[in-house]
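Student: Attaching a single structure in structure tokens format; questions to follow.
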Amino acid sequence: MNTTYSFQIYKSASLLPQEWNSLAVNNIFLTREYLEVLENSCPVNMICHFIAIFNEDKLIGIVLTQFLFAEKLESFGDRDQCLKTSVRNFAFKNFASHVLFVGNNMLTGQNAFVFHQDAKESKAIKTLHKAIKQLKKDLKDNGKKVHITSIKDFTESEIEPLKAEFKNNYTFSTQPNMVFEINTNWKTEQDYIDALSKKYRDQYKRARKKAEGIEKKKMSLSDIKKYEDVIYDLYFHVAKNAPFNTFFLARNHFSFFKEIMKDNFLFYGYFLEEKLIGFNTLIKNGSVMDTYFLGYDETIQREKMLYLNMLYDMIAYSINQGFTEIVFARTALEIKSSVGAKPVKMYGLITHSNALINHNIAKLFNYLEPKTDWQERNPFK
């Protein structure tokens with residue numbers, strides 16, 4: 001029997017079909033609650049759309065897209081003030097300032113869609129393709145022409161069925177996702193420390209000694225609200241100095257997140273002499289712990305090895321709570337590698353609306369995606 005798949009595009013999480021969450025059971029980042037957070041406290045230069053795919057009237061697919069328009073951004077990352085950056089910023093503003101992401105540009109990993117196990121994958125992907133075309137047409141009708149479309153963050157096996165459907169797309173590989181596998185035999189932080197080789201056990205001890213005097217505190221919703229401005233400054237400092245940035249969070253992002261996601265969202269503040277000097281955030285995603293945004297005061301960070309201590313704290317908490325892995329995402333690859341995270345290669349698809357540019361998209365992409373040279377470490381015995 002030949003059934004037809006159809007799609008529906010929603011502008012608000014409040015309009016999603018009743019049964020939406022039944023498909024998001026294994027991924028918190030596609031649940032109605034998380035999408036509500038995204039919609040209501042997302043970066044100023046982002047518009048989210050949600051796509052439902054149906055077989056007759058049965059929901060068989062859920063999709064997240066993010067439309068980013070870079071003209072509202074004052075910084076694409078301030079760190080590398082050189083010719084390449086100015087050329088990149090020019091290219092970005094003129095040829096790539098309207099980007100449609102199928103997936104979540106604020107996270108690493110496959111957070112783009114979920115299909116029901118009974119769905120025919122190739123057919124669902126074909127319907128997704130139609131939905132993307134329709135969304136681009138709708139955006140264009142509203143005066144927002146999409147320059148670049150990117151479907152992102154899949155492993156090598158996950159990207160294959162997409163490549164078969166999206167034929168004129170360039171397959172790119174970005175910085176790897178750093179994933180920390182938790183050994184099933186570890187029950188406490190001490191088990192982790194015992195597994196480290198001498199050099200990295202010494203690194204652990206040195207970092208912990210440096211952090212003496214810093215108090216770590218699990219922060220409640222009222223705490224987060226109380227420190228909202230300090231939190232934002234600490235976050236913004238780190239984000240602004242990243243090599244490349246396509247968005248900045250809204251000021252109320254963390255408090256709104258805590259309000260909606262409750263215990264699934266953890267916010268830890270680091271205090272020195274009663275002053276908030278850093279924070280990190282974690283999201284419980286089933287048996288996986290996802291690290292989210294962090295911020296710190298650079299002057300104290302160096303002296304106290306704060307960032308490294310945060311990584312150790314995340315590992316300790318995740319082991320104690322019985323999680324199976326920690327997604328440390330991209331950036332700071334070497335330091336994450338030094339605590340035991342391993343790189344997982346991630347792929348995406350990208351296409352440009354201009355045929356000539358699309359023909360040379362590989363060159364443009366390599367220009368927009370900063371290259372990082374780093375050395376992988378193995379801290380274990």
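The values are calculated or read from the model by the stated rules, or taken from the named source; none is laboratory data. This is a predicted model, so every value here is computed, not measured. Counting neighbours? That spans all protein chains shown, and the Cβs are built from the backbone with ideal geometry, glycine included. Note: areas computed on protein heavy atoms with side chains; ligands, DNA, RNA excluded. Shrake-Rupley method; radii C 1.70, N 1.55, O 1.52, S 1.80 Å.
Student: So, of the residues in the range 213-240 that are in contact with a helix residue (DSSP H, G or I) (Cβ under 7 Å, 6 or more places away or on another chain) and closer than 17 Å to Y292 by Cβ, which turns out to be most open to solvent (accessible area, probe 1.4 Å)?
Tutor: Initial filter on the range 213-240 (in contact with a helix residue (DSSP H, G or I) (Cβ under 7 Å, 6 or more places away or on another chain)): 214, 216, 221, 224-225, 228, 231, 237.
From what's left, closer than 17 Å to Y292 by Cβ: 216, 221, 224, 228, 231, 237.
Values: K216: 84, L221: 51, I224: 1, E228: 40, I231: 3, H237: 60 Å².
Among those residues, the one meeting the criterion is K216.
Student: Which of the residues spanning the range 294-307 are hydrophobic (A, V, I, L, M, F, W, C) and either out of contact with any helix residue (DSSP H, G or I) (no Cβ under 6 Å at 6 or more places or on another chain) or in a helix (DSSP H, G or I) (or both)?
Tutor: Narrowing the range 294-307 to residues hydrophobic (A, V, I, L, M, F, W, C): 294, 300, 305-306.
Selection gives L294, I300, L306.
Student: Does at least one position in the range 130-144 carry a residue that is β-branched (V, I, T) and either surrounded by fewer than 18 Cβ atoms within 10 Å (Cβ to Cβ) or closer than 14 Å to Q8 by Cα (or both)?
Tutor: yes
Student: Can I ask one more? Just need a number here: residues in the range 251-288 that are aliphatic (A, V, I, L, M), open to solvent by less than 20 Å² (accessible area, probe 1.4 Å) and either modelled with pLDDT under 95 or not in a strand (DSSP E or B) (or both). Give the derivation first.
Tutor: Here is the first cut: in the range 251-288, the ones aliphatic (A, V, I, L, M) are 260-261, 266, 272, 276-277, 282-283, 288.
Those left that are additionally open to solvent by less than 20 Å² (accessible area, probe 1.4 Å): 261, 266, 276-277, 282-283.
Checking which are either modelled with pLDDT under 95 or not in a strand (DSSP E or B) (or both) leaves us with 261.
Result for the range 251-288: 1.
Student: Which residue pairs have Cβ atoms under 7 Å apart, sit 6 or more places apart or on different chains, and have a first residue in the range 32-56 that is basic (K, R) and a second that is assigned to a helix (DSSP H, G or I)?
Tutor: Correct list of pairs: R32/A13; R32/W20; R32/N21.
Student: Do the conditions hold for E158, that is, is it under 30 Å from K58 (Cβ atoms), within 25 Å of the chain's Cα centre (by Cα), open to solvent by less than 100 Å² (accessible area, probe 1.4 Å) and of a type in the set (D, E)?
Tutor: On the way: under 30 Å from K58 (Cβ atoms): yes; within 25 Å of the chain's Cα centre (by Cα): yes; open to solvent by less than 100 Å² (accessible area, probe 1.4 Å): yes; of a type in the set (D, E): yes.
Taking the combined requirement at face value, the residue satisfies it.
Student: For the range 330-369, how many residues are outside any loop (DSSP other than H, G, I, E, B), open to solvent by 20 Å² or more (accessible area, probe 1.4 Å) and touching a Ser or Thr at 6+ places or on another chain (Cβ under 8 Å)?
Tutor: Total satisfying the criteria: 4.
Student: Of all the strands (runs of 3 or more DSSP E) wholly in the range 1-111, which have at least 1 residues that are open to solvent by 30 Å² or more (accessible area, probe 1.4 Å) and modelled with pLDDT of 75 or more? I'd like the intermediate steps shown before the answer.
Tutor: Working: elements: 5-10, 46-55, 58-69, 98-102.
Filter on the range 1-111 gives 5-10, 46-55, 58-69.
Student: Could you figure out which of (1) open to solvent by 20 Å² or more (accessible area, probe 1.4 Å); (2) under 22 Å from the mean Cα position of the chain (by Cα); (3) in contact (Cβ under 8 Å) with a residue 12 or more places away in the chain isn't true of V327?
Tutor: (1) is the only condition that V327 fails.
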